[in-house]
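Here's the structure, in structure tokens; my notes come after.
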């Protein structure tokens, strides 16, 4: 694995998945797993769009445009309807 370019981004994601969801929100293990999967898919999408490894994704790359691009990719490549992307992913 390469060096993380933006450690704060990955620390926040880790804390979100390991502390916020299960401890503060009392989310089920399945919910946490779903969030982890979607965040991994999103980061992979951003990395692919930028032509970089996932570990090189930074906070500056995570914005409304990258989220919209990701959601558009779900409706296009996965053939999901827009309403489904909000529920499923």
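The values are calculated or read from the model by the stated rules, or taken from the named source; none is laboratory data. Values in this document were obtained by computation on a predicted structure and should not be read as measured data. We place every Cβ from the backbone using ideal geometry, glycine too, and count neighbours over all the protein chains shown.
Checked against (1) without any contact (Cβ under 8 Å) to a residue 24 or more places away in the chain; (2) over 20 Å from residue 3 (Cα atoms), residue 70 passes all but a single condition, namely (1). Tell me whether segment 26-35 contains one or more residues that are closer than 20 Å to residue 72 by Cα and surrounded by 13 or more Cβ atoms within 10 Å (Cβ to Cβ). Checked against the condition, which is being closer than 20 Å to residue 72 by Cα and surrounded by 13 or more Cβ atoms within 10 Å (Cβ to Cβ), segment 26-35 yields at least one hit.
If I go through segment 45-89 residue by residue, how many of them are at pLDDT 85 or above and in a helix (DSSP H, G or I)?
Selection size over segment 45-89: 22.
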